[in-house]
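The block underneath contains the structure these notes are about, expressed in structure tokens.
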Number of protein chains: 2
Amino acid sequence: MNLKDYLKTRQELINNALSRLLPPESELPESLHTAMRYSALDGGKRIRPILTLAAAETGGGKVEDALPAACAVELVHAFSLVHDDLPCMDNDDFRRGKPTSHKVFGEATALLAGDALLILAFEAIAQTPSSVPRKAVLDAVQLLASAAGSAGMTGGQALDVEAEGKQVTPAEVEQIHRRKTGALLEAAVVVGAIVGAADEAAGDALSEYGRGIGLAFQIVDDLLDLTGDQERLGKTVGSDLKRDKATYPSVMGVAESKRLAAEAANHAVEALASFGEAAEPLRLIARLILERDY
Amino acid sequence: MNLKDYLKTRQELINNALSRLLPPESELPESLHTAMRYSALDGGKRIRPILTLAAAETGGGKVEDALPAACAVELVHAFSLVHDDLPCMDNDDFRRGKPTSHKVFGEATALLAGDALLILAFEAIAQTPSSVPRKAVLDAVQLLASAAGSAGMTGGQALDVEAEGKQVTPAEVEQIHRRKTGALLEAAVVVGAIVGAADEAAGDALSEYGRGIGLAFQIVDDLLDLTGDQERLGKTVGSDLKRDKATYPSVMGVAESKRLAAEAANHAVEALASFGEAAEPLRLIARLILERDY
């Protein structure tokens with residue numbers, strides 16, 4: 001299969017679905033809806049919802065049944081970026097090469113747009129077609145909430161805030177990043193498995209895959225922040241280091257970080273052994289995550 | 001029935017359920033969990049979750065089946081208060097007589113605590129006992145999200161931000177307040193009706209009741225902000241007026257505002273005509289909302 005074409009087709013599918021889900025800019029309150037669309041339709045790579053769709057298919061489900069859940073995962077991600085960029089958090093001026101939400105719409109509207117994107121995520125997943133058992137959808141709601149909340153992504157952000165300027169151990173770095181980035185990436189895969197009606201063994205294998213790519217993704221993110229090129233990343237390079245944040249390279253060095261990322265991605269691919277051809281997109285995505293330029 | 005005893009018993013039931021739902025302060029990240037509990041267990045009157053339980057019972061359902069949904073409604077309310085108080089929004093220093101979350105924990109942690117409370121709301125409602133049909137629970141998730149999101153409460157906040165310092169019409173004031181406060185109060189009742197398995201006619205009557213008390217509640221809130229006593233309210237009196245916000249009394253005067261509030265509460269009580277004794281708590285709560293001191 002051609003991964004590039006596959007990703008492009010899936011990105012379009014997701015962008016169209018998100019565009020239909022998001023309220024139009026012409027509807028009151030215009031500022032809020034404009035800000036929501038600005039952040040949710042900003043040309044991101046859609047790696048998380050693509051994972052949801054691919055996991056659903058790998059488990060035996062249909063793409064269209066998993067589309068609302070995929071959008072929900074992306075909306076949770078979009079919400080987190082808007083709030084992370086706020087002045088009281090990372091105070092970032094650029095995201096994906098564009099001014100951040102609060103720079104364009106002001107802090108109050110950016111705050112509310114983040115809130116509304118998060119809420120829309122749960123509205124979206126609850127709209128999963130009735131061909132998916134209602135119990136499975138509720139399980140997916142619970143899993144997404146758990147991955148996003150204080151035990152997952154939001155908790156990781158809070159640990160990160162607590163760790164700023166402090167000496168942290170490698171175990172603490174892993175804990176922070178597992179929650180901040182890994183939890184939602186893993187949930188993207190598991191939510192797909194659930195709405196795709198994967199059986200227990202398939203679900204376990206997909207979870208294992210999700211954990212592996214989650215870890216690889218975060219380590220690569222840290223490496224990119226250190227060594228990447230600002231234009232390509234569209235955000236301020238070295239910003240984590242400047243704020244004395246706990247990162248993999250700062251705690252265990254560049255070489256060891258690269259080794260760990262490769263190990264995690266390999267582990268993820270190995271977890272897919274039982275699936276054969278059906279899991280080819282997930283295997284290629286694991287390689288892609290590892291081989292982003294750094 | 002003795003309303004005071006009834007409310008006290010229900011408040012305790014809800015406070016205990018919330019306390020079990022919220023992660024313990026001793027669990028990492030401690031700052032986040034402490035901030036979540038600080039805002040969600042702060043001695044509020046619990047009027048919204050009490051409405052959810054009462055609506056469920058009025059429709060023929062069980063209190064214990066409606067408890068997770070009731071907690072979800074209260075958590076959405078708690079989230080909105082934390083974010084509304086932030087410096088970029090109302091910049092309030094006190095809430096219910098205590099320093100606001102960002103004053104105690106800092107802005108970053110308050111932001112994240114609000115996010116985590118919102119997410120926990122959806123995790124909670126998804127944990128509704130299996131005695132409630134899964135489809136009904138998903139309907140309740142969707143309704144709660146819709147009431148909380150850009151078409152409801154968060155949208156009302158955004159309209160309010162847009163309206164600051166501008167001349168607004170009475171119709172615009174009603175629109176802002178219907179969304180800001182009315183939408184969640186109405187949803188509290190309707191979510192209760194849904195998980196309580198009310199039939200269509202009962203559901204419609206309860207929705208009508210919810211709309212009426214939602215409107216009455218907001219008008220009374222505006223009147224209290226204008227005339228209430230700071231100590232009793234636990235927040236800065238006249239703060240809406242100072243920021244030139246659109247309120248009922250500022251747009252249509254105190255006397256007309258009082259008349260409108262009474263009309264809305266009466267309308268709410270009339271909607272319950274078909275229920276007989278079972279709806280007595282809802283009737284008394286409508287009176288209570290109207291007769292808060294102002």
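The values are calculated or read from the model by the stated rules, or taken from the named source; none is laboratory data. Note that the structure is a prediction, hence the values are computed from the model and not measured. For neighbour counting, all protein chains shown are included, and Cβ atoms are generated from backbone atoms with ideal geometry for every residue, glycine included.
What to note about this one:
- Against the criterion of being without any contact (Cβ under 8 Å) to a residue 60 or more places away in the chain and either part of a helix (DSSP H, G or I) or within 11 Å of chain A (Cβ to nearest Cβ) (or both), B:Val76 does not qualify.
- Some residue of segment A:52-61 being surrounded by fewer than 22 Cβ atoms within 10 Å (Cβ to Cβ) and touching a helix residue (DSSP H, G or I) at 6+ places or on another chain (Cβ under 8 Å): yes
- In the set (1) surrounded by fewer than 19 Cβ atoms within 10 Å (Cβ to Cβ); (2) at pLDDT 85 or above, the condition left unmet by A:Leu226 is number (2).
- So A:Leu120, is it more than 7 Å from every other protein chain (Cβ to nearest Cβ) and surrounded by 24 or more Cβ atoms within 10 Å (Cβ to Cβ): no
- A:Lys166 being over 18 Å from the mean Cα position of the chain (by Cα), surrounded by fewer than 24 Cβ atoms within 10 Å (Cβ to Cβ), more than 10 Å from every other protein chain (Cβ to nearest Cβ) and under 20 Å from B:Glu107 (Cα atoms): yes
- For B:Val132, the conditions (1) closer than 25 Å to A:Ser26 by Cβ; (2) more than 9 Å from every other protein chain (Cβ to nearest Cβ); (3) over 17 Å from the mean Cα position of the chain (by Cα); (4) hydrophobic (A, V, I, L, M, F, W, C) are fulfilled apart from (1).
- Residues located in segment B:7-27, provided they are closer than 30 Å to A:Arg178 by Cβ and surrounded by fewer than 18 Cβ atoms within 10 Å (Cβ to Cβ): B:Ser19, B:Arg20, B:Pro24, B:Glu25, B:Ser26, B:Glu27
- The lone exception for A:Ala158 - which of (1) facing chain B (nearest Cβ under 7 Å); (2) in contact (Cβ under 8 Å) with a residue 24 or more places away in the chain it fails: (2)
- The set of residues in segment B:79-101 that are without any contact (Cβ under 8 Å) to a residue 40 or more places away in the chain, crowded, with 17+ Cβ neighbours inside 10 Å and more than 9 Å from every other protein chain (Cβ to nearest Cβ) comprises B:Asp85, B:Thr100.
- A:Gly253, sole failed condition from (1) touching a Gly at 6+ places or on another chain (Cβ under 8 Å); (2) at pLDDT below 95: (1)
- Listed by first and then second residue, the pairs with beta-carbon distance under 6 Å, at least 6 apart or on different chains, first residue in segment A:102-124 and part of a helix (DSSP H, G or I), second aromatic (Phe, Trp, Tyr), are A:Gly114/A:Phe79; A:Leu117/A:Phe79; A:Leu118/A:Phe79; A:Phe122/B:Phe122.
- Residues of segment B:22-62 satisfying the condition of being away from chain A (no Cβ under 14 Å), of a type outside the set (S, T, N, Q) and part of a helix (DSSP H, G or I): B:Ile47, B:Arg48, B:Pro49, B:Ile50, B:Leu51, B:Leu53, B:Ala54, B:Ala55, B:Ala56, B:Glu57
- Filter pass, A:Thr109 being within 7 Å of another protein chain (Cβ to nearest Cβ), more than 20 Å from B:Ala35 (Cβ to Cβ), of a type in the set (Ser, Thr, Tyr) and buried (at least 18 other Cβ atoms within 10 Å of the Cβ): yes
- Screening B:Gly203, B:Gly165, B:Gly192, B:Gly182 for residues that are free of Cβ contacts under 8 Å to residues at least 60 places away in the same chain and either in contact with a helix residue (DSSP H, G or I) (Cβ under 6 Å, 6 or more places away or on another chain) or not in a helix (DSSP H, G or I) (or both) leaves exactly one candidate, B:Gly182.
- A:Ala183 meets each of the listed conditions (1) surrounded by fewer than 24 Cβ atoms within 10 Å (Cβ to Cβ); (2) within 13 Å of another protein chain (Cβ to nearest Cβ); (3) within 20 Å of A:His267 (Cβ to Cβ) apart from (1).
- Unique match (being surrounded by 22 or more Cβ atoms within 10 Å (Cβ to Cβ) and either facing chain A (nearest Cβ under 8 Å) or under 28 Å from B:His33 (Cβ atoms) (or both)) among B:Ser146, B:Ser150: B:Ser150
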